[in-house]
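The next block holds one structure in the form of C-alpha cells; read it before the comments.
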Amino acid sequence: MRMGTALIYDEEMTNYKLLWVDPACKIEVPERLTVSHETLVKSGLVDRCVSVPVREATDADILLAHSEEYLEAVKKTPYMTLEDLKEFTLQYGDVYFHPNIYHCAKLAAGAALQLVDSVMTGKVRNGMALVRPPGHHSMRSAANGFCVFNNVAIAARYAKQTYGVKRVLIVDWDIHHGQGVQYCFEDDPSVLYFSWHRYEHQKFWPQLRESDFDAVGKEKGVGFNVNVPWNKVGMQNSDYLSVFCHVLLPVAYEFCPDLVFVCAGFDSAIGDPEGEMCATPDVFAHLTHLLMNLAGGKLCAVLEGGYNLTSLAQSVCQTVHTLLGDPAPRPANLNGPCKSALESLHCVRSAHRQNWSCLKHAADLPTSDISTKRIKLGDEEDTVDKAEEEESAQEVFWPEPPGRVTPTVRTAVVLPDGVACPDGCKHFGSTEDLDPLVVDKLKYGAVVGHAPLKENFLGDAEHSDALSTLSSLIALAEKMEKNEICSGLALVHDVSMAMKFVVQHVASAPRNRVLVVCVGDGKVMSNITEDGKTLVVQFSNKDSDEQKCKHYVPVCLKKGHSEVSGFVQAVLSLLLPLGYEYDPSLVLLVRMPDSGLSESVWLQLTGLLQGLAQGHTLVLMQEGEEACVGPTASSLLGDPAPSLGQLLAPLPEDVQSVESLRHRLKADWKLLQTTAEETGRGDEN
Ligand code: Q9C
Ligand code: ZN
C-alpha cells in the first residue's frame, strides 16, 4: 500500500476515572483504551501503522464547537475538590468530571486534529484516533454522555477552516445518537451527519424527540441530517449492511464528501451492555471498507463508545485492519434485515425522498402508523424496565473473528509483454505455469475428475498464446482459492470465452460460488444453472432475452453506462446487497470491450466489490483496453477510487429498471428489501 494508516494514541488519556459511585457512568473505564491498544499491539497492527503523536487542542480549536463560557468552566475543573467536581458534574447528564479530564479532553480533541492534519497533508491516507473522553454527545455549552469536548465536530470545522474542505461526511455508527454533532451542524449543508442509534420509540437514552428519522436538518441544512432509529435491540449484521446499502451509501455518493469522519463507537457491537445489539465485530471491517472509496479514501475514525472490552477491542482491530487495506473476512449468515429494521429503513428513506434524488423513488407508504408511536416520557414502565434490565443482563458469546491472513501476493497479473502495470503486482504467466491438466481441458473439453465441459474452448484459442493465457488464468484462480494470492487481473484475447472458462473451472469445485459481474453487452452465460454455483449480474444497455432467474440479474441502464448516477445507484442498492447475501468465494469482474464505463466509475466498482469474497476479485479485460490496466491493478492493490463528483439525478428509466429488478428479486434476496411489507427476518424483532 502506497500511503499509510495513522494510529493516534496516548496513554495519558487513561489517566482519569470515575471517583464516586454512579451506576450510569461506571462503564466508562480507562481499560477501554488500554485493552484496545494492547490488542492492536498483539495483533501486530500497531507496527504497521504510522504512529502520530497527540497534541492538546488549543482554546481556538475548542471554540470551533463550544462556547467561551463552557470552556472557561471546564478549565476550572483541574483545581476543584472532589465535592466541587461532583457538584459541577450534576448540571450535566450521564457524565463525570475528574481533575485530569480537562487535560485528557484537550488531548482527545487534539488527537482528532492531528489525524485531520495527517490525512489532509497526505502524510497518510486514513487513520484512527483512540481517545478518551469520547465526544459526540457534548454540546456547545454542555458535557453529556461521558463526553466533554466534541472531538469530531471540532475536527470537522477545523478541516473546513484549515484545508478548505468543502463537504464533510460524518458517519456515526456508535449505538447512541450523537446529538451534539447533530446540533452543531443541523443547519449546515456542508456537513452531512448520519447516525444510527438505539431508540426504542424514544425510550432509550438520551430519549430525544429529535433523534427520530424525521429530524432531517434545518433551514439550509435540510436533508443533511440522517437519523436511523433502531426501535428494537438485537440488530444484526444484515440490519447494519442493509442501512448502508439503501440509505447511507446512496446519499453519501450523491453528496460526494471531500473528507469522511467516523464517530467510531463500538457499543453497536455484540456483547455491549449499552447497545444490546448482535452485530459481530467483523461487520466493522465491511462498514469501514464501504466508506473507503469516498473522498479519495480520506477517512478519519475517532473512537466514541464501546463498553464490552472484548467486543470493543475486536471491533477496533477489524477497523484498523481494513484501514490498512487487509481484505475483510467473509460476512457470516446475512439473512436479511428484521421487520423493525425494515420499518426504520422505510421511514428514513421516505423522510429524505425530497432531499436526495437517489431516494426519490422510495415507496410512498404511510410512515405515520409505523414508527411515530413514540413512548411518552415519564411512563410508569420506565422504572420497572430498569430493574428488569439489571436482572436479565446476561453474558453473550460470539466466535472470535477469524485471523486476517493477507496472502503474501496481493495482486497477480496475466499480461502480454510490454503492458504497463504498477509496482507491487506479481507477473504471472510464463510457460512454467502451464498446467498440463488445464491444457488437456482446453484441448479436449474435459478433465479427469471434473464434469465434462459443455463447450469446446479451443475454437478461438488455438494459438499457444491464448492457451497459455487461459492456463495462467486457471492457475491464478486456483492460487486465489488457496488464499495464496488475493486478487488478479488478466488481459485476454476473448473476454467472453475466458469468463466462461474460469466460471466452469472454479464452479466445478465443491464449496465454490462465483459472483460474476459483467459490464457490457453481449450474451454472457448460456449455461446459467440454478444450482447456485454462480450468480451473474450483467450491466448492459440492451434488454436481455436470456432467461431471468434468481441467479441471473440483467441490469439494463439506458444511454450507455456513462450515466454515472444510475450505475452507481444500481451498484449500491442492487449489486452490493446481492453480493453480500450471496457471499461468493470469488468475484469475477468482467469488463466487456463495449462497457462504456468511465474509469472512475469502474474503479469505484472494483473498489467496492473487494469487500466480498475476502478480497478475491479476478478482473478480466479484453486486449485493447491496455489503458485501463494500470488503474485497475492499483485498485486491486488497495488504492482508493477517485471521487465521482456530486451525482445528478439518475435517469427515470434507469431508476425504473433498477427498482423493478429489486421488486422481482426481493423475495429471493432479502437484503434487497427496503420496506416492512415483506416480512423480514422474522426473529421476533
Ligand atoms: N445504563 C457514549 O457511548 N447512559 N456515550 C448510560 C447506563 C449514557 C454513552 C446509562 C451513555 C453515554 C460515547
Ligand atoms: Zn455510545
Taking the dipole of the range 135-245 about the Cα centre (Lys, Arg +1; Asp, Glu -1; charges at Cβ), the one of I175, C245, Y163 that reaches farthest to the positive side is Y163
In range of the label at A420: residues from the range 610-630 whose backbone nitrogen is under 16 Å from the point 7 Å along Cα→Cβ
624-630
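Distance check, please: which entries in K166/K360; K203/K232; K220/K298; K523/K548; K542/K666; K479/K523 exceed 18 angstrom between their Cα atoms? Mind dumping the intermediate values first?
Values: K166/K360 25 Å; K203/K232 11 Å; K220/K298 26 Å; K523/K548 13 Å; K542/K666 23 Å; K479/K523 28 Å.
From K166/K360; K203/K232; K220/K298; K523/K548; K542/K666; K479/K523, over 18 Å: K166/K360; K220/K298; K542/K666; K479/K523.
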Express the Stokes-Einstein translational diffusion coefficient of the chain in µm² s⁻¹, to the nearest whole number, given a Kirkwood radius over alpha-carbon pairs, 10 °C and a viscosity of 1.306 mPa s.
61 µm²/s
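Loop-only trypsin sites (Lys or Arg not before Pro) in the range 16-122, please: DSSP not H, G, I, E or B, and at most 14 other Cβ atoms within 10 Å.
On the way: sites: K17, K26, R32, K42, R48, R55, K75, K76, K86, K106; in loops: K17, K26, R55, K76.
Sparse-neighbourhood loop trypsin sites (Lys or Arg not before Pro): K26, K76.
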Identify, among V152, P416, T406, the residue whose Cα sits farthest towards the positive end of the charge dipole of the chain, taking +1 on the Cβ of Lys and Arg and -1 on the Cβ of Asp and Glu, with the dipole about the Cα centre.
P416
So how do H352, H176 line up by other beta-carbon neighbours within 10 Å, fewest first?
H352, H176
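Given R₀ = 56 Å, what would the calculated FRET efficiency be for R353 paired with E481, taking r from the Cβ atoms and rounding to 0.05? Don't skip to the answer; put the middle values down first.
Values: r = 44 Å, r/R0 = 0.78.
Efficiency for this residue pair is about 0.80.
Considering Cα pairs under 8 angstrom that are at least six residues apart, work out the relative contact order of the range 479-637 and quote it in whole percent.
Working: 276 pairs, mean separation 49.6, N = 159.
Contact order relative to length: 31 percent.
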Given Cα pairs under 8 Å that are at least 6 residues apart, what percent is the relative contact order of the chain?
13 percent
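Run the numbers for V50 and D22: contour at 0.36 nm per residue of separation, minus the present Cα-Cα distance, in nm. Write down the numbers at each step before the final one.
Values: separation 28, 0.36 × 28 = 10.08 nm, distance 3.78 nm.
Separation in residues times 0.36 nm, less the Cα-Cα distance, equals 6.3 nm.
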Evaluate the charge dipole of the range 546-649 about its Cα centre and quote only its size in Debye, nearest 20, assuming +1 on the Cβ of each Lys and Arg and -1 on the Cβ of each Asp and Glu.
360 debye
Listed residues T89, S573, V587: farthest to the positive end of the dipole of the chain (Cβ charges)
V587
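Can you give the % of DSSP beta bridges in the range 530-685 that are antiparallel, to the nearest 5? Numbers along the way, then the final one.
Values: 1 of 11 bridges.
Approximately 10 percent, going by the DSSP bridge assignments.
Please state the shape class of the range 1-103: rounded when a/c is under 1.5, otherwise prolate if a/b exceeds b/c and oblate if not, all from the C-alpha gyration tensor. Please list the in-between numbers first.
On the way: a/c = 2.92, a/b = 1.58, b/c = 1.85.
Oblate, since a/c reaches 1.5 and b/c is not below a/b.
For the chain, give the magnitude of the charge dipole about the Cα centre (Cβ charges: +1 Lys/Arg, -1 Asp/Glu; no others), in debye to the nearest 20.
On the way: 59 positive and 90 negative charges, 219 e Å.
Computed charge dipole of the chain: roughly 1060 debye.
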Using a Förster distance of 51 Å, the FRET efficiency for E530-Q91 (Cβ separation, nearest 0.05):
0.20
Based on the Cβ-Cβ distance from S600 to E72, what FRET efficiency comes out when R0 is 51 Å, to the nearest 0.05?
0.60
With the 8 Å Cα cutoff and a minimum separation of six or more residues, the range 598-685 has a relative contact order in percent of 28 percent
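Calculated from DSSP H runs of 4 or more alone, at -39500 (n - 2.57) each and per residue, what is the 222 nm mean residue ellipticity of the chain, nearest 500? Spell out each step's value before the answer.
Numbers: 23 runs with 232 residues, N = 685.
Calculated at 222 nm, the ellipticity per residue is -10000 deg cm²/dmol.
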Take Q656 and Q161, extend 7 Å from each Cα along the Cα→Cβ direction, and tell me the distance between the two endpoints in nm.
5.1 nm
Mind ordering 243-251, 186-194, 215-223 by average Cβ neighbours within 10 Å, highest first?
243-251, 186-194, 215-223
If each of L208 and T408 carries a label point 7 Å out from its Cα toward its Cβ, how far apart are those two points in nm?
5.3 nm
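Under a Cβ-Cβ cut-off of 15 Å, what is the net charge of the residues other than D10 that fall near it, where Lys and Arg count +1 and Asp and Glu count -1?
Details: positive: R32, R55, K106, R132; negative: E11, E12, E38, E56.
Overall, the nearby charge balance is 0.
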Quick check on the exposure proxy: order E625, E581 from fewest to most C-beta atoms within 10 angstrom.
E625, E581
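Would you mind ranking S357, S344, S211 so that the residue whose beta carbon has the fewest other beta carbons within 10 Å leads the list? Write out the running numbers ahead of the final one.
Numbers: S357 18, S344 30, S211 23.
Least to most surrounded, the residues fall as S357, S211, S344.
What share of the DSSP beta bridges in the chain is antiparallel, in percent to the nearest 5?
Details: 3 of 73 bridges.
Taking every DSSP beta bridge with both residues in the chain, the antiparallel ones total about 5 percent.
Hydropathy at least 1.0 by Kyte-Doolittle, axial extent at least 30 angstrom from the Cα trace: which helices of the chain, defined as entire DSSP H runs, fit?
On the way: long enough: none.
None clear 30 Å together with a mean of 1.0.
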Counting only DSSP loop positions in the range 492-525, the trypsin sites (Lys or Arg not before Pro) whose Cβ has at most 14 other Cβ atoms within 10 Å are R511, K523
What's the center-to-center distance, using Cα atoms, between the range 142-190 and the range 591-668 in Å?
31 Å
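None of the figures in this text is laboratory data; all of them are computed from the coordinates on show. Remember, it's a predicted structure, so these values are computed and weren't measured experimentally. Quick reminder, even Gly has a Cβ in these numbers, built from the backbone with ideal geometry, and neighbours come from all protein chains shown.
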